[in-house]
Amino acid sequence: MPKVIWWGRSDRNYSRNRICRQLLQSMGYELIDFSPRISALADIEAQLKGLRADLVWVPCFRHRDVAAATRWARKRNIPVLFDPLISAWQKQVYERRKFAVDSRQAQQLLRRESQWLQTVDMVLLDTEPQQHMFTQRFMLSPAKTACVYVGAEQPLFTPVEVEPCPAAIEVLFYGSFIALHGVATVINAAKMTAGQSHIQWVLLGDGPEKASAQQQAAGMANVRFEAGIPYTQLPHRIAQADIVLGVFGDSEKAAQVIPNKVFQALACAKPVITRASAAYPVELSHDRPRGLWQIEAANPVALAEAVVQWSRCARDQGQAAHGWYQMHFSETRLRQQLMSALNAIGLPVA
């Protein structure tokens with residue numbers, strides 16, 4: 001049985017990590033968890049422990065582990081796969097706006113991240129626009145990158161039967177209230193539908209922009225906020241909604257991703273409205289949306305119009321939503337994507 005070292009002190013219960021681990025195990029790999037005490041010295045610790053494997057996998061967000069992992073692997077002619085999920089440079093410059101793009105700090109971070117990425121054998125990204133950005137910004141060969149969608153955990157996210165409320169249509173946003181989500185667009189769209197009392201908007205979760213959203217929605221009878229819930233309860237909560245919202249931010253990052261909630265809602269057979277993105281398969285971009293409706297980013301008018309139109313037929317959109325998930329984002333499809341990435345670096349697949 002081929003072995004994979006899961007290298008770094010990562011959160012193994014994070015959805016991206018959990019899905020990738022499940023895929024590897026389903027493909028016949030044995031996982032060896034290695035959580036070094038000091039990231040910079042992890043290659044020495046791995047040597048002392050006598051680790052052996054066919055692949056080193058550095059999971060998402062663990063940029064700091066790449067240098068030691070590649071040092072250890074190169075001495076043993078073992079390939080290294082890095083699944084960053086985000087760019088540290090892009091996050092600091094475009095999301096947190098900590099550094100100006102042409103600042104010395106930003107340029108140093110860009111060079112450092114480029115060095116990390118160029119040393120590994122495969123960089124796993126979650127969408128094709130992310131692949132394009134990484135190859136351009138970090139000067140990577142396209143052959144050293146591959147796309148594996150984030151997907152939704154199976155069988156957790158699956159259609160759940162609940163008794164619908166005949167008098168109201170519930171529009172559900174859930175998330176961590178960060179800038180990428182474009183929560184202000186959701187509130188402004190809700191204002192535009194205030195005269196249609198049968199449309200109720202629910203914003204679930206907690207995060208940095210929640211307080212601002214609550215102030216913006218003060219006095220609006222058609223908007224309700226709910227606290228975050230345990231991850232395992234999400235499928236049932238999704239099932240109670242009629243329409244699920246994706247993200248609406250107009251940032252570079254928002255244009256490149258498919259958020260977790262889109263995969264999860266489609267897997268639960270719920271129609272989704274989200275901002276348009278080249279990250280989606282071309283079949284999902286069409287003039288008569290069924291199951292998934294992509295609108296212009298940061299456009300509350302477009303969001304309000306889409307919600308009003310779907311409020312008349314939302315409960316007929318579920319089958320199409322689930323069909324898109326099965327066709328493009330299922331576990332089978334993700335396994336095919338990962339198998340292609342592993343084959344590209346010469347890894348055996350059972």
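Each row is one residue, and each column tells you yes or no for (1) within 29 Å of Pro155 (Cβ to Cβ); (2) modelled with pLDDT under 95; (3) surrounded by fewer than 16 Cβ atoms within 10 Å (Cβ to Cβ).
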| position | (1), (2), (3) |
| --- | --- |
| Pro2 | yes, yes, no |
| Trp6 | yes, no, no |
| Cys20 | yes, no, no |
| Leu24 | yes, no, no |
| Tyr29 | yes, no, no |
| Pro36 | no, no, no |
| Ala42 | no, no, no |
| Ala69 | no, no, no |
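From the list Phe173, Phe177, the lone residue that is aromatic (Phe, Trp, Tyr) and either open to solvent by 20 Å² or more (accessible area, probe 1.4 Å) or on the phi > 0 side of the Ramachandran plot (or both) is Phe177. Evaluated against (1) in contact with a helix residue (DSSP H, G or I) (Cβ under 7 Å, 6 or more places away or on another chain); (2) at pLDDT 95 or above; (3) buried (at least 21 other Cβ atoms within 10 Å of the Cβ), Ala73 falls short on exactly one condition, (1). Scanning the range 281-308 for residues that are surrounded by 19 or more Cβ atoms within 10 Å (Cβ to Cβ), at pLDDT 95 or above and either β-branched (Val, Ile, Thr) or closer than 17 Å to Gly323 by Cβ (or both) yields a total of 6.
Filtered by the rule that a residue be more than 19 Å from Leu125 (Cα to Cα), open to solvent by 10 Å² or more (accessible area, probe 1.4 Å) and not basic (Lys, Arg), the range 236-262 gives His236, Gln240, Asp242, Asp250. Candidates are the residues of the range 313-350 that are free of Cβ contacts under 8 Å to residues at least 12 places away in the same chain and closer than 22 Å to Glu161 by Cβ; the one that is least open to solvent (accessible area, probe 1.4 Å) is Cys313.
Residues in the range 85-105 that are touching a helix residue (DSSP H, G or I) at 6+ places or on another chain (Cβ under 9 Å) and outside any loop (DSSP other than H, G, I, E, B): Ala88, Trp89, Gln90, Gln92, Val93, Glu95, Gln105. Would a scan of the range 197-215 turn up a residue that is more than 16 Å from Val183 (Cβ to Cβ), open to solvent by less than 10 Å² (accessible area, probe 1.4 Å) and in a loop (DSSP other than H, G, I, E, B)? For the range 197-215, residues more than 16 Å from Val183 (Cβ to Cβ), open to solvent by less than 10 Å² (accessible area, probe 1.4 Å) and in a loop (DSSP other than H, G, I, E, B): absent.
The values are calculated or read from the model by the stated rules, or taken from the named source; none is laboratory data. All values derive from a computational prediction rather than experimental measurement. Virtual Cβ from ideal backbone geometry, glycine too; neighbours counted across all protein chains shown. Keep in mind that these areas ignore ligands, DNA and RNA; they rest on the heavy atoms of the full protein, side chains included. Shrake-Rupley method; radii C 1.70, N 1.55, O 1.52, S 1.80 Å.
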